[in-house]
Structure formats: C-alpha cells, structure tokens
Amino acid sequence: MTVREIKVIDDPVLRRKAKKIDKFTPETRKLIEDMIDTMRAAPGVGLAAPQVGASERVIVVEYAEEAEEDAEPAAPPKKKKLYAVINPEIVWASDEIIEGTEGCLSIPGWTGDVLRPEAIVVKGRNRSGQRIKIKAEDWLARIFQHEIDHLDGILYIDRLIAPDRFRRITSGAEETAEEKAAEAIG
C-alpha cells in the first residue's frame, strides 16, 4: 500500500469535524490500508484519517498491553492487536479519570499531560462494515480517546492539564517509558 504524509498542527484538516462514512467502498478500504502502513512507518500506535488529510471518521490502532511488572522474565511479549474502526463513538466511559502523558504524530517532538477516563467502550464498524464493540482500559483506552478526538477536530493540547505540562522532547535527553509510549500516539 502507500505511506501517506502525516499532517502537522497547522493544517486546517486537523481542526475540522470529520464526516461520517455511509458507504464502505474500495476507497475506504484503501484509506484504511494506507493508514495502517503510515502508522507503522511513523512509528505510532494510532492514527486518525484527518492526520493523512482525509476528513472521514476512520481510525486505526495497534497496541500490545505491557507485561505485568512481576511477570515471569521468560514470559513472551504480548502480541499487538490491530483495530480499524469506521465511525467510532465512545458509548460509555468510566468515572475514574487518570493522568497520562501523550504525544501526537501531528505534533512531533512534544508531549503533554492529559486527564482521560481509565476505561471506555467504543462502538463502530470494522473494515467489512460489520458492527463492533471494543472495551478498552488504561493505555488502549487513552489511544482510542486520542484518535476519536482527532475526528472531532480536537488535539491533545486542547486537553492539557496545564500549559506548563506541555514539554518539548529534547534529543538525547532521558525519557521515561511513559513518554516514549505516549509519543507514538497518533
């Protein structure tokens, strides 16, 4: 497929509300495949269609939960799971709100701290047009919320806890594991 250019913060497509997809066409499938290739090439853990210039309600997410800290050292790493969701919507969110560091492929070189629900349920359609429901917690829930925000023209910087919680990632500086993971969010 094709790796597309990722739009950055000053591109107006990132601030528009994306259009709902009514028909599942070969172009929709091609968009999804290109988004997957672009996300992996970046590399990232999520990407929304507006980030590649398509103002349509499509996201892709690929993530493997971290192994437990007290897990056996010989335990194999968890396999990444790939989600492609058309017209995603959050239909439930937990009352528990957690803080996390996020980054974005459309705002390269920066991270910031954002509060989000710890768990969510997302409904939408898969790339075959079938209805799906995804229950997500922790980082996976954060990634879905971040990508769905993109579909509404919202960037994570709009949700920062405070302006001083927005930081440039400096080359060669020590980064926490959380910052490295967060930088890869689409």
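The values are calculated or read from the model by the stated rules, or taken from the named source; none is laboratory data. Worth saying up front: this structure is predicted, and the values here are computed from it rather than measured. Every residue, glycine as well, gets a Cβ built from its backbone with ideal geometry; the counts of neighbours run over all protein chains shown. Just the protein is used for accessible areas: all its heavy atoms, side chains included, with ligands, DNA and RNA removed. Shrake-Rupley method; radii C 1.70, N 1.55, O 1.52, S 1.80 Å.
Amide H to amide H under 5 Å from E56: which residues, 5+ apart in sequence or cross-chain, H placed 1.01 Å off N in plane?
K19
So what is the accessible area of the chain per residue, in Å², with the probe set to 1.4 Å?
On a per-residue basis, 55 Å².
Need one number: nm distance between label points at Q130 and E27, each 7 Å from Cα along Cα→Cβ, rounded to one decimal.
Distance between label points: 2.6 nm.
Cut-off 10 angstrom, C-alpha nodes, Gaussian network model of the chain. Which of E137, E89, E65 fluctuates the most?
E65
In angstroms, what radius of gyration and Dmax does segment 5-49 have, counting Cα atoms only?
11.7, 30
Using each residue's phi in segment 13-28, evaluate 6.51 cos²θ - 1.76 cosθ + 1.60 at θ = phi - 60° and report the 3J(HN,Hα) Karplus result to the nearest Hz, with x for Gly and Pro.
4, 6, 9, 8, 6, 6, 7, 5, 9, 9, 10, 9, 10, x, 5, 5
Using Cα pairs closer than 8 Å and at least 6 residues apart in sequence, work out the relative contact order for the chain, in percent.
26 percent
Helix-derived [θ] at 222 nm for the chain: sum -39500 (n - 2.57) over DSSP H runs of at least 4, divide by residue count, nearest 500?
Result for the chain: -6000 deg cm²/dmol, rounded to the nearest 500.
For the chain, the longest stretch holding no trypsin sites (Lys or Arg not before Pro) located in a DSSP loop with at most 13 other Cβ atoms within 10 Å is which?
It runs 81-186.
Mind giving me the nanometre distance, one decimal, between the label points for D152 and F166, set 7 Å out from Cα along Cα→Cβ?
Here the answer is 1.9 nm between the modelled labels.
Strictly over 27 Å apart at the Cα level, which of K79/K135; K7/K80; K78/K133; K7/K78; K20/K78; K80/K123 would you flag in this model?
The answer is K7/K78; K20/K78.
Can you tell me the FRET efficiency between K80 and W110 if r is taken as the Cβ-Cβ distance and R0 is 22 Å, rounded to the nearest 0.05?
0.35
Based on alpha-carbon centroids, what's the gap between segment 49-65 and segment 132-152 in Å, whole number please?
11 Å
Using a Gaussian network for the chain with springs between C-alpha atoms less than 10 Å apart, which of these wobbles most: P108, P26, P50?
Looking only at P108, P26, P50, the biggest GNM fluctuation is shown by P26.
Where the accessible area of the chain is counted over protein heavy atoms with a 1.4 Å probe, how much of it, in %, is carbon and sulfur?
49 percent
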